[in-house]
Amino acid sequence: MDKVLEFLLPPAKSTIAGQVDGLFIFILAVSAVLLVGISFAIIYFSWKYKRRSEQDTTPVITHNTKLEVAWSVIPLILVMIVFGWGFTGYMNMRTVPTDAYEIRVVGKSWLWEFHYENGTVSVNELHVPANRPVNLVMSSNDVIHSFYIPDYRVKRDVLPNRYSNVWFEAMETGESVIFCTEYCGRAHSNMIATVTAHSESDFENWLATANVIDESLSPVELGKELIAKNGCNACHSVDGSRMVGPSYKGSWMAERELEDGSVVTVDANYLRESILEPNAKIGAGYDPVMPSYQGLLSDREIDAIIEYIKTID
Amino acid sequence: METSALKRLQVQRFKPEENPEIHYLNSERGLWSWLSTVDHKRIGLMYLASIAIFFFIGGVLALVLRTELLSPAQSFLDADVYNQVFTLHGAIMIFFFLVPSVPAALGNFILPIQLGAKDVAFPRLNLASFYIYTIGTVFTLVAIITGAVDTGWTFYTPYSTETGTNVLLMTLGIFILGFSSILTGVNFIVTIHKMRAPGMTWSKLPLNVWSLYATSIIQVLATPVLAITLLLLVMERALGIGIFDPALGGDPVLFQHFFWFYSHPAVYIMIVPGFGVISEVISTFSRKHIFGYWAIALSSLAIAFIGFLVWGHHMFTAGQSSLASMVFSFLTFLVGIPTGIKIFNWLATMYKGSIDLKAPMLYAMVFLFLFTIGGFTGIMLGALSVDIHLHDTYFVVAHFHYVMMGGMVMALLAGLHYWWPKMFGKMYSEVYARISCALIFIGFNLAFLPQFVMGAQGMPRRYFNYIDQFQPFHQLSTMGAYIMGVGFVIMFFYLLHSLVRGEKAASNPWGSRALEWQTTSPAAPHNFEHTPVVIHGPYDYHKPMSEFQLGIAHGHHGESHQPETLETVAETGTRP
């Protein structure tokens, strides 16, 4: 049974996962029994009652009330069990424990931003304490996204005009994947993040140091780290290949043609503007789809990113 | 109708002529006679040709998608093209193929014959429906050529109001298409109420007619909601009126409510006609009275009714209240019961039958198996807590392909093979039909069973690339799709061969008691050369064949309740 479970479902890492899996297995088992029965009946009947001759006569059986009541009522009872079970599980998913730790989530095409109580912001990396309920308060900056952690069995749409929420309690430390499950355009399938559950002390530790710049790093090293941390590399390559946005490779001081036909030089001011107001000057052939990093990056961090881009050629 | 059942009629037996010299295919010739025809049979065939073309296009697009998904990273499509291709695959298959497939193509051809009528109630309106369908498809094709749409067939806002592609034109195309669906529905309802042959009481209606009746009700009631939704979308895009876009003060979730208020009943527009076909085929090839006639007939109506009240089960994660989710989940389970009842009734019909495993019956059995899987996985998706995990993953993709393709397309193929002799007066190769059926069955399961597993593992739908762990499932699925493709190619060739060189079909090659088999193959220009009179139900296999071939005796036409159709007969001079 465990093998079947392992094959069909991702590891169960949250407190509600067990309940979801239990119902999944129950429906699967009952369905399997019925399906085998129905398939057997189809095959057995077509062998047993195969037409012998064109003169075959068949009995007139128009209905059988007892039988029909049985095959209406028994399935009705079964689905009502499933309904109640599913509803109970759903209410547990929707009822947030009062002591839940709150994290703010912003979905943008195409990245996830996580804001923590002390002002720390992480992009595409959610960090949570294990063994403690966590409530995510979510909203979108543009179209509808959907926040999904398969290992935790939680999912909720992220809407542009209101807050939605999802809560979970990770049962063990470790990493799991986060998907966007509401189609949101070109890089929908790249809108992937990770959630890392830490022990309480590790989490506190991470929270205290996450947004503190490592002073020992050179600006170039820091820039490289920031590019990875902020999800820039989901759309911009460093090897010259064309993705959603222009590649960094060889871009420093290059001439770039814009949509309106004018030409700009990719200098520090252009890069800075492109980070803070990405849609002000769009390179020819690209779409105005990059979200703004206003408020996410300090001046020093922007400087570091520019320093790093200078080195990619 | 009570009085007509009691009226005394002078009847005589009309044995259908074999190899008729004049039938509906050759009574008039030339392209214009087809384009301007008001004959429901010819209109049905024109629909059949159209849906075959769209099924081919949609199928090729599916193979393109599956080929791209062979590897986790990009191979030969870029993300934009992939998004456009899956949008087109969905929109074409749903709006241009599935919705008109059984009702407009098979239904148009067979419904009046099954009722013993000369045509539908409004033949010109019927032709108008076909042209409206054509105009709608032209709009959509133009939209595809001038700037492909990438919203998915669901057109969710605000994405669909913001994307730079040609959503407006495509939406207009589908808006126009809706009218075709509404008009066909109205036409069928009136036909069933007013055009039944003498003696054809409601309790003697073929189950196919009952299911077309239920379908027509949904078409008439639900399609206007789609029309107004798409119109609101157009107004928002073109005029900037804020309805769904939060930036303009609208509400994106409102769109989902509107959209699914149509699109969930639309699922039943697609599947309920299939139930009718399967009832006919199983009874005929078991040569046995259908089990639970009223249960099957009324469960179709129950599904049509409850089907209007379950749309919210598409939105358990979308931000509707928990109370709403609970009610929608509850009603979803209720709609499962009448569907289950049908499965058991069909099985009971086979019990102690005289089962002939010809191609239509094979497809009906494939339907039973695949549709049952589709139903059970629907139960999983209806269960609130499990749906939260499975929503918008490949599990959903697999589920609706099991229902729509495993259910509806198999029913369509069963019906096509069943009525083919009546349509063209030719038989097809039984051997190739079985090979093709087997390939489609194997290919289908190989394509979609792995999708259940990867969906449950968390693979989201509409992903152009994916994480490596899902690759084996995607590869199996793609192989299955290719095998299915081969099955359909074989079908194309043996059906083509049948049209050109097929053996002549008898008027009643399956030995059925149903009324449509008591006329010539291909059918006569006005279905019957006489006014058929019905004294037994279509499944009364214990009664002799001669009692199913009755018509009003010559010289009594004056008493008939259909004087206007009689005039037509007199004019065309085809009366025997």
- Looking only at segment B:262-278, decide whether some residue is within 12 Å of chain A (Cβ to nearest Cβ) and either of a type outside the set (Val, Ile, Thr) or closer than 24 Å to A:Pro59 by Cβ (or both). no
- Item | Residues (over 18 Å from A:Tyr90 (Cβ atoms) and at the interface with chain A (Cβ under 7 Å from one of its Cβ atoms)) located in segment B:360-385 | B:Met365, B:Leu368, B:Phe369, B:Thr372, B:Ile373, B:Phe376
- Task: All but one of (1) over 23 Å from B:Pro525 (Cα atoms); (2) of a type outside the set (Lys, Arg); (3) not in a helix (DSSP H, G or I) hold for B:Phe96, so report the exception by its number.
- Result: (3)
- Which condition does B:Arg196 not pass, out of (1) away from chain A (no Cβ under 14 Å); (2) out of contact with any Leu (no Cβ under 6 Å at 6 or more places or on another chain); (3) not in a helix (DSSP H, G or I), if it passes all the others? (2)
- Within segment B:471-489, identify whether any single residue is hydrophobic (A, V, I, L, M, F, W, C) and without any contact (Cβ under 8 Å) to a residue 12 or more places away in the chain, and answer yes or no. yes
- Message: Can you tell me which condition A:Trp112 does not meet? The list is (1) closer than 19 Å to A:Gly231 by Cα; (2) among the aromatic types (Phe, Trp, Tyr); (3) more than 15 Å from the chain's Cα centre (by Cα), and all the others hold.
- Response: (3)
- Message: Testing B:Ser211 on (1) among the hydroxyl-bearing types (Ser, Thr, Tyr); (2) out of contact with any Pro (no Cβ under 8 Å at 6 or more places or on another chain); (3) touching a residue at least 60 places away in the same chain (Cβ under 8 Å), one condition comes back false. Which one is that?
- Response: (2)
- Task: Would you mind finding the one in B:Ala247, B:Ala318 that is small (Gly, Ala, Ser), in a loop (DSSP other than H, G, I, E, B) and within 11 Å of chain A (Cβ to nearest Cβ)?
- Result: B:Ala318
- Hits in segment B:485-536 (condition: among the hydroxyl-bearing types (Ser, Thr, Tyr) and outside any helix (DSSP H, G or I)): B:Ser507, B:Ser512, B:Thr519, B:Thr520, B:Ser521, B:Thr531
- Message: Can you go through B:Leu254, B:Leu239, B:Leu230, B:Leu248 and tell me which one is out of contact with any Lys or Arg (no Cβ under 6 Å at 6 or more places or on another chain) and touching a residue at least 24 places away in the same chain (Cβ under 8 Å)?
- Response: B:Leu230
- Task: Among the strands (runs of 3 or more DSSP E) lying completely within segment A:158-239, list those that include at least 1 residues that are within 14 Å of chain B (Cβ to nearest Cβ) and either without any contact (Cβ under 8 Å) to a residue 24 or more places away in the chain or more than 18 Å from A:Pro10 (Cβ to Cβ) (or both).
- Result: A:164-168, A:174-180
- Message: So, in segment A:1-52, how many residues would count as being among the hydroxyl-bearing types (Ser, Thr, Tyr), within 30 Å of the chain's Cα centre (by Cα) and closer than 30 Å to B:Thr349 by Cα?
- Response: 1
- Output the residues belonging to segment A:251-284 that are within 33 Å of the chain's Cα centre (by Cα), assigned to a loop (DSSP other than H, G, I, E, B) and either at positive phi or more than 14 Å from every other protein chain (Cβ to nearest Cβ) (or both). A:Ser251, A:Glu277, A:Pro278, A:Ala280, A:Lys281, A:Ala284
- Residue under evaluation A:Asp21, criteria (1) surrounded by 18 or more Cβ atoms within 10 Å (Cβ to Cβ); (2) out of contact with any Gly (no Cβ under 7 Å at 6 or more places or on another chain); (3) under 25 Å from B:Pro450 (Cβ atoms); (4) at the interface with chain B (Cβ under 8 Å from one of its Cβ atoms), criterion not met: (4)
- Only residues that are crowded, with 24+ Cβ neighbours inside 10 Å, of a type in the set (A, V, I, L, M, F, W, C), within 8 Å of chain B (Cβ to nearest Cβ) and in contact with a strand residue (DSSP E or B) (Cβ under 8 Å, 6 or more places away or on another chain): list them for segment A:139-157, please. A:Ile144
- What is the residue count in segment A:29-66 for residues that are of a type in the set (A, V, I, L, M, F, W, C), surrounded by 14 or more Cβ atoms within 10 Å (Cβ to Cβ) and in a helix (DSSP H, G or I)? 7
- Which of (1) assigned to a helix (DSSP H, G or I); (2) aliphatic (A, V, I, L, M); (3) in contact with a Ser or Thr (Cβ under 7 Å, 6 or more places away or on another chain) is the odd one out, the single condition B:Leu70 does not satisfy? (1)
- Of everything in segment B:344-359 that's buried (at least 22 other Cβ atoms within 10 Å of the Cβ) and within 25 Å of the chain's Cα centre (by Cα), which residue is farthest from the other protein chains (Cβ to nearest Cβ)? B:Ala359
- Task: Scan segment B:453-486 for residues that are surrounded by fewer than 23 Cβ atoms within 10 Å (Cβ to Cβ) and closer than 21 Å to B:Ile373 by Cα and jot them down.
- Result: B:Val453, B:Gln457, B:Arg461, B:Phe473, B:His474, B:Leu476, B:Thr478, B:Met479, B:Gly480, B:Ala481, B:Ile483
- Message: within 14 Å of chain B (Cβ to nearest Cβ) and in a loop (DSSP other than H, G, I, E, B): is that true of A:Asp287 in this structure?
- Response: yes
- Do we find a residue being touching a residue at least 12 places away in the same chain (Cβ under 8 Å), within 30 Å of B:Asn527 (Cβ to Cβ) and under 22 Å from the mean Cα position of the chain (by Cα) anywhere in segment B:137-145? yes
- Query: Taking B:Tyr268, is it at pLDDT below 95, within 23 Å of B:Phe308 (Cα to Cα), among the hydroxyl-bearing types (Ser, Thr, Tyr) and in contact with a helix residue (DSSP H, G or I) (Cβ under 7 Å, 6 or more places away or on another chain)?
  - Reply: yes
- Task: Enumerate the pairs (first residue in segment B:283-294 and farther than 17 Å from A:Ile42 by Cβ and more than 7 Å from chain A (Cβ to nearest Cβ); second residue anywhere and at pLDDT 95 or above and in a helix (DSSP H, G or I)) with beta-carbon separation below 6 Å, excluding pairs fewer than 6 apart on the same chain, so at least 6 apart or on different chains.
- Result: none
- Among (1) buried (at least 19 other Cβ atoms within 10 Å of the Cβ); (2) at the interface with another protein chain (Cβ under 9 Å from one of its Cβ atoms), the one test that A:Lys13 misses: (2)
- Message: If a residue must be under 24 Å from the mean Cα position of the chain (by Cα) and outside any helix (DSSP H, G or I), how many such residues does segment B:421-471 contain?
- Response: 4
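The values are calculated or read from the model by the stated rules, or taken from the named source; none is laboratory data. All values reported here derive from a predicted model rather than from experimental measurement. Note that we place each Cβ from the backbone using ideal geometry, even for glycine, and neighbour counts take in every protein chain shown.
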